Amino acid sequence: LQADPCNIVIFGASGDLTRRKLLPALARMHHWNLLAPNSRIIGVMRDPSWHAERWQSYVHASLEEFHPDSINDDASWQSISTMLELTIGDLTDASMYQRLRENMKSSNGRTNALFYLAIPPQWYESAVSALHQSGLLDESDGFRRIVIEKPFGSDLESACALNLTFREYVKESQVYRIDHYLGKEGVQNLMVFRFANTVFEPLWNRNYIDHVQISVSETIGVEYRADYYEKAGALVDMIQSHLIQVMTLVAMEAPVSLDGNAIRDEKVKVLKSVRAIPSDQVDRFAVRAQYAGGTIDGKRVPAYRDEPDVDPASTAETFAALKLYIDNWRWQDVPFLLRTGKRLPERVSEIAIRFKQPPKNLFAHIKEHLPQNELVFRLHPEEGMIFLLNAKQPGLNDQLHKLALDAPYAMTGSDSPEAYETLLHDALLGETALFSRADEVEESWRIVAPVMEAWKQPGSIRFYEAGSSDIPDIDTIMEGCIGCWRDLS
Ligand code: BG6
């Protein structure tokens with residue numbers, strides 16, 4: 001579906017997010033004819049040494065590096081390049097907004113605007129209040145939407161304050177909070193899988209499900225982001241946002257429709273039902289660790305504490321695992337285990353639903369413990385679904401074996417869009433379902449708050465070797481679950 005013509009204004013246009021994600025996503029949308037031809041991509045940046053040609057070659061270089069197919073013929077590049085505009089100036093400077101307004105001048109019915117704030121979060125407030133003051137948020141001739149990236153605050157209090165600020169200048173329906181996990185095909189498939197099929201619904205509850213494991217394991221380290229990561233750590237960087245969002249999609253009730261607010265209402269109900277972790281028992285519900293030096297893919301990598309700009313005595317966790325309970329009729333006492341870490345042996349993201357065991361094991365003489373049935377939604381490396389069942393091994397024997405019904409997503413034969421492409425497209429269409437609403441963000445901070453508080457106390461952090469999945473104490477939070485953590489290697 002082609003979006004209406006729009007001025008796509010990117011604040012922070014010379015930054016990494018723009019180069020790696022936004023420009024390639026827009027080029028892909030252009031390639032698929034999802035962007036109206038007379039849309040504009042207006043880069044906003046502070047550095048006066050930028051000019052139109054530099055912006056053009058910057059965009060070209062970004063596409064060459066991250067999405068070469070989009071410019072493999074001159075005509076494609078020509079038509080993208082005619083969409084590019086540049087506005088230079090500081091985002092606190094009123095005259096910059098005058099120049100921006102000039103660049104946004106409507107032509108051929110292009111009256112809409114999407115402001116993408118690809119800038120550090122501490123600048124969100126200044127940007128939105130200046131946009132408001134300059135009249136650029138006035139919706140009398142078209143929509144005005146603001147897209148922001150996490151982190152939305154740094155704790156519950158600051159998240160509430162940020163939401164309040166936005167409320168002063170724009171309606172909630174104009175704010176698009178990106179959680180790129182919601183843009184992943186595999187995550188969206190969860191909803192389709194749950195609500196477009198009938199067979200699993202009767203099993204989707206505490207009667208049949210023993211527990212759920214949501215895992216994101218990365219091989220990369222902190223890279224160049226120590227400044228942010230030192231304050232965030234894995235709990236805030238990944239669990240408070242991505243993993244909790246994914247959990248809500250596994251756990252929510254069927255929404256009344258696919259309307260953004262109908263879906264988000266159901267997700268908020270899940271979040272509100274999450275049992276508060278008692279502040280004096282955090283160790284029973286959460287585990288953290290930090291990577292020491294080690295070897296990944298045959299290469300030596302430094303310890304987190306030896307990474308550039310990291311405090312040599314840092315206690316920031318690069319691995320975090322959390323056990324949550326959702327106190328409602330469907331999920332009472334079913335553990336939801338969320339874990340994520342950097343510098344682990346493999347890059348894997350998945351959601352595993354582990355079912356209970358049969359009430360009586362008729363095959364105890366062959367296998368003392370029957371492996372549990374598992375339904376796994378793989379997000380990475382290959383999107384798809386795997387259903388693990390027990391079956392008879394063929395032949396004149398009485399052996400059992402694990403049967404994996406493996407359905408790679410690629411089987412459907414189409415090319416999966418990148419998360420940012422899906423999300424930008426939805427933002428242009430005004431589809432809000434894949435964006436976090438203010439109350440969702442606040443509830444997620446509430447859930448992690450006791451753990452954040454406990455981990456602030458001086459205490460010793462445990463270490464794991466980079467490239468190893470051997471995390472100290474990780475099994476303590478498996479208490480009450482049958483089986484063990486899934487092996488991600
Ligand atoms: C980001 C985190 O939101 O997600 C990063 O800030 C992390 O630390 C990244 O590496 C993981 O995303 P993906 O899509 O590569 O799993």
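Throughout, read-outs are computed from the coordinates displayed, never taken from laboratory work. These numbers come from a predicted model, not from an experiment. So basically every Cβ, Gly included, is an ideal-geometry build from the backbone, and we count neighbours across all protein chains shown.
Which shape class, rounded, prolate or oblate, goes with segment 422-461 when its Cα gyration tensor gives a ≥ b ≥ c as root eigenvalues, a/c under 1.5 marks rounded, and past that a/b bigger than b/c marks prolate?
Cα axes put segment 422-461 in the prolate bin.
The order of T198, T432, T318, going from fewest to most other C-beta atoms within 10 Å of their C-beta, is T198, T432, T318. For segment 140-279, the C-alpha radius of gyration sits at 1.21 times the compact-globule guess of 2.2 N^0.38 Å, with N the residue count.
When +1 charges are put on Lys and Arg Cβ atoms and -1 charges on Asp and Glu Cβ atoms, the dipole computed for the chain relative to its Cα centre reaches about 740 debye. Could you estimate the translational diffusion coefficient of segment 347-427 from the Stokes-Einstein equation, with Rh from the Kirkwood formula over C-alpha pairs, at 4 °C and 1.567 mPa s, in whole µm²/s? For the chosen part, D equals 84 µm²/s.
When the P(r) of segment 241-372 is calculated, the portion above 18 Å amounts to 69% of the C-alpha pairs.
Every Cα-Cα pair in segment 10-167 was counted, and those over 22 Å apart are 44% of them. When GluC sites (Glu not before Pro) are flagged only if DSSP places them in a loop and at most 10 other Cβ atoms lie within 10 Å, the longest unflagged stretch of the chain comes out as 1-222. About its Cα centre, the dipole of segment 341-413 is roughly 240 debye, where the only charges are +1 on Lys and Arg Cβ and -1 on Asp and Glu Cβ.
For the chain, the Kirkwood estimate of the hydrodynamic radius, built from every pair of different alpha carbons, is 24.3 Å. The trypsin sites (Lys or Arg not before Pro) of segment 300-357 that meet both conditions, a loop assignment by DSSP and at most 14 other Cβ atoms within 10 Å of the site Cβ, are R347. The length gained by stretching the chain between A404 and D311 to full extension, at 0.36 nm per residue less their Cα-Cα distance, is 29.0 nm.
Projecting the alpha carbon convex hull of segment 339-486 along each direction and taking the average yields 14.4 nm². Extension gain for R167-K269 works out to 34.5 nm (0.36 nm per residue, less the C-alpha to C-alpha distance). Normalising the average separation of contacting C-alpha pairs (under 8 angstrom, six or more residues apart) by the number of residues puts the relative contact order of segment 382-489 at 14 percent. Mean separation of Cα pairs under 8 Å and 6 or more residues apart, divided by the residue count, gives the chain a relative contact order of 18 percent. Principal-axis analysis of the Cα atoms of the chain puts helix 185-195 at an angle of about 60° to the longest axis.
The helix-based estimate of mean residue ellipticity at 222 nm for the chain, built from -39,500 (n - 2.57) per DSSP H run of four or more residues and divided by its residue count, is -9000 deg cm²/dmol to the nearest 500. If both residues of a DSSP beta bridge must be in the chain, then about 55% of such bridges are antiparallel. At a temperature of 20 °C and a viscosity of 1.002 mPa s, determine how fast segment 202-277 diffuses translationally according to Stokes-Einstein, using the Kirkwood radius over alpha-carbon pairs as Rh; express D in µm²/s, rounded to the nearest whole number. It comes out at roughly 145 µm²/s. Neighbours of M29 by Cβ distance under 15 Å: Lys/Arg scored +1, Asp/Glu scored -1, total -4.
Each part gets one Cα centre, and for segment 159-188 versus segment 297-330 those centres are 25 Å apart. Taking amide H as placed 1.01 Å from N in the peptide plane, the amide H of I41 sits under 5 Å from that of I8, L84, E85, each at least 5 places away or on another chain.
Quick one, what does Rg over Rh come out to for segment 1-62 if you take C-alpha atoms and the Kirkwood Rh? Write out the running numbers ahead of the final one.
Values: Rg = 11.9 Å, Rh = 12.2 Å.
With Rh from the inverse mean 1/r over Cα pairs, Rg/Rh is 0.97.
The spacing between segment 380-425 and segment 214-229, judged by their C-alpha centroids, is 27 Å. With coordinates expressed along the principal axes, the C-alpha atoms belonging to segment 38-111 extend over 39, 31, 16 Å, beginning with the largest. For K299, the lysines whose Cα falls under 27 Å of its own Cα, not counting residues fewer than eight places away in the same chain, are K342.
Pairwise Cα distances in segment 92-178 exceed 19 Å in 38 percent of cases.
If you take all other residues with their beta carbon under 10 Å from the beta carbon of P417, and give Lys and Arg +1 and Asp and Glu -1, the sum is -2.
Report, ordered by chain and residue number, the lysines lying within cross-link reach of K267, taken as a straight Cα distance under 22 Å and ignoring same-chain residues fewer than 8 apart. Of all the lysines, those that pass the test against K267 - Cα under 22 Å, at least 8 places apart if same chain - are K150, K171, K184, K323.
From least to most packed, judged by other beta carbons within 10 angstrom and beginning with the fewest, L405, L17 follow the order L405, L17.
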